Amino acid sequence: MASPPPLSASACLLLLLLSLLLVLLRAPAVRGSQGDKEPVYRDCEKQCVRTNCTGARLRAFQSAQPPYMALTGWTCRDDCRYQCMWTTVGLYQAEGYSVPQFHGKWPFVRFLCFEEPASALASLLNGLACLLMLLRYRSAVPRQSPMYHTITAFSLVSLNAWFWSTVFHTRDTYLTEKMDYFCASTVILYSIYLCCVRTLGLRRPGVSSVVGVLLILLFTSHVSYLTFVSFDYGYNMAANASIGMINLLWWLCWCWQNRRTLPYWWKCGSVVLLLHALALLELLDFPPLLWVLDAHAVWHLSTVPVHFLFYRKAQQCLYFLRTLKKAHLPPEILTKFYRCIIESILTNSFSVV
């Protein structure tokens, strides 16, 4: 059975460029937290900038700055903020107070140019795992298989999201933050489209096409609101969580309805529940352990093995497929095993952001 047309690569690129354009057109908004509102932090930053970020001292800072720091956009003012952040943290701890956040995030020890080393490493590992699985998938699964192009497009969307996640956790700027958030939303929305294609679109391609258009409109509205109206972190989290719950319930309902015909239905449901349960780690907001490992990094690290879960079952299906081809069995039986490959991959999604 032919696969419904996926959201094409050009459409995905158009959405990415639209997000980038909207971000660049919007003036930066300033995030405030308890730590950066403290007078000691503000006075420290002003004094540091006045002393070190003008004239000869600024030139000395620039000449002594490692190339990788300059390439990633670290400025003298950023360095002042970093030093004053730790001065403020030290005062808080000396007085017995809990560690505050600064500019919307916990204090992290900077490693080379990496602002959040653990999260950046976890995002990079997720991207590499996603790329490896994509290459294996394309080399093992025939192009004429149902949903081949849809899953390939989904993995490319996921790769793009992990790229921006790595960039954002390396260097938090207005642009990198927005691209990380918006690209994560594209993965969540595309996962809804993928679910629709698998459960409805193989028999009713028109339904998945309509859903795809609606999701593009929803994404455009979401990005426009966050860019031009208000970048509300609470709203963004609630929106993504709502879409994620729809995706979860949709898959679980499909698994339950097909429990009598699909022997692996419980594995599909278990993996979907596992993926969404791991996302709950994000809610465990705590100061980073050793100033490196926070809840967000733990969440991203926990999703790395998920990318490899599907391949063992896919290999089993391919083994049977090769056996059937040697036996010269009818095409409809081969098609059944093509679907086995696809469903093995779908039950272990390429990415969770």
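The values are calculated or read from the model by the stated rules, or taken from the named source; none is laboratory data. Owing to the predicted nature of the structure, the values given are computational and were not obtained by experimental measurement. Quick reminder, even Gly has a Cβ in these numbers, built from the backbone with ideal geometry, and neighbours come from all protein chains shown. For the accessible areas, the whole protein counts, side chains as well, though only heavy atoms, and no ligand, DNA or RNA atoms are used. Shrake-Rupley method; radii C 1.70, N 1.55, O 1.52, S 1.80 Å.
Couple of notes before you dig in:
- For the stretch 207-222, taking the residues that are open to solvent by 10 Å² or more (accessible area, probe 1.4 Å) and in contact (Cβ under 8 Å) with a residue 24 or more places away in the chain, the one that is farthest from the chain's Cα centre (by Cα) is identified as Ser209.
- Among the residues of the stretch 167-185, those that are in contact (Cβ under 8 Å) with a residue 12 or more places away in the chain, assigned to a helix (DSSP H, G or I) and open to solvent by less than 30 Å² (accessible area, probe 1.4 Å) comprise Phe168, His169, Thr170, Thr176, Lys178, Met179, Asp180, Phe182, Cys183, Ala184, Ser185.
- Considering the stretch 85-136, and only residues there that are over 13 Å from His296 (Cβ atoms) and among the charged types (D, E, K, R), the residue that is surrounded by the fewest Cβ atoms within 10 Å (Cβ to Cβ) turns out to be Glu95.
- Single condition Ala11 does not satisfy, out of (1) more than 27 Å from Asn160 (Cα to Cα); (2) at pLDDT below 50; (3) open to solvent by less than 70 Å² (accessible area, probe 1.4 Å): (1)
- Checked against the criterion of being more than 30 Å from Pro142 (Cα to Cα) and at pLDDT below 50, the candidates Arg50, Arg57, Arg26, Arg31 yield just one match: Arg26.
- Selection from the stretch 255-300 of residues that are open to solvent by 30 Å² or more (accessible area, probe 1.4 Å), of a type outside the set (A, V, I, L, M, F, W, C) and within 21 Å of Leu125 (Cα to Cα): His276, Glu282, His296
- Count of residues meeting criterion [buried (at least 17 other Cβ atoms within 10 Å of the Cβ), polar (S, T, N, Q) and over 16 Å from Val187 (Cα atoms)] in the stretch 223-254: 1
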